[in-house]
Each structure stands twice: as C-alpha cells, then as structure tokens.
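Here is the structure we will look at.
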Amino acid sequence: MSTAMNFGSKSFTPRPPDKGAFPLDHFGECSAFKERFMECLRHSGYESAACRQSAMAYLECRMDRRVAQLMANEPLEKLGFKDLINEKSEEKPEKS
C-alpha cells in the first residue's frame, strides 16, 4: 500500500537567477575590492548598509573586467546604488 499523497501533483521547474551567477574570480582581479568590502563588514558589525560604497566599488570592478566575464555590465541604478551615484556626482566640482 502506498502512503504517498499527490495533491494536484504540480512539478517544480527551477529557473536561473535573474542576474545570472557570479563566476569565481580565479585570477583575483577584484580581490582588493572584495577585501575592502569584507573589512568594512567586520568593522561595522556586519551591517551591510554601512558598506554600500565598498560594495559598489567591488561590483564596478567585476563589471570592468569584462574580458574575464566576471559580471555582465549593468547600470548601478538597477543594482540599488542610485543614491550613491547622485552623491558622487554632487561631490564633483564644476569646471569653468
């Protein structure tokens, strides 16, 4: 006698993440940025909001290394850094 019960028997079909997977940085091209981010996390008690600037720099490094295909180029606004980009542009002095 079978005790398994299949109510509606819907099958689950996995799908890849929306932004894809992060390939490993085998050559350590962005390891300095990663270490700065990890150090910031340790100093802030693992409060990621305090380390957003470091996180943004790390992701920029990964996007800049397109030859190694570490990350597809994506606007930083879409990655949640719109407010930091606005701050950065306000800090730049205007040229006359």
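The values are calculated or read from the model by the stated rules, or taken from the named source; none is laboratory data. Worth saying up front: this structure is predicted, and the values here are computed from it rather than measured. Note that each Cβ is placed from the backbone with ideal geometry, even for glycine, and that neighbours are counted across all protein chains shown.
Evaluate region 43-62: report whether one residue or more is assigned to a loop (DSSP other than H, G, I, E, B), surrounded by 12 or more Cβ atoms within 10 Å (Cβ to Cβ) and modelled with pLDDT of 95 or more.
From region 43-62, those assigned to a loop (DSSP other than H, G, I, E, B) are 44-47; that's our starting set.
Those left that are additionally surrounded by 12 or more Cβ atoms within 10 Å (Cβ to Cβ): 44.
Among the residues that remain, those that are also modelled with pLDDT of 95 or more are: 44.
Yes: region 43-62 contains one or more residues that are assigned to a loop (DSSP other than H, G, I, E, B), surrounded by 12 or more Cβ atoms within 10 Å (Cβ to Cβ) and modelled with pLDDT of 95 or more.
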(Q) List the residue pairs whose Cβ atoms are under 7 Å apart, where the first residue sits in region 63-81 and is over 14 Å from Gly28 (Cα atoms), the second is among the small types (Gly, Ala, Ser) and surrounded by 10 or more Cβ atoms within 10 Å (Cβ to Cβ), and the two are 6 or more positions apart or on different chains. (A) Ala72/Gly20
Q: Note down all Cβ pairs under 7 Å where the first residue falls in region 27-44 and is among the basic types (Lys, Arg), the second is at pLDDT 95 or above, and they're at least six residues apart or on different chains.
A: Arg36/Ser54
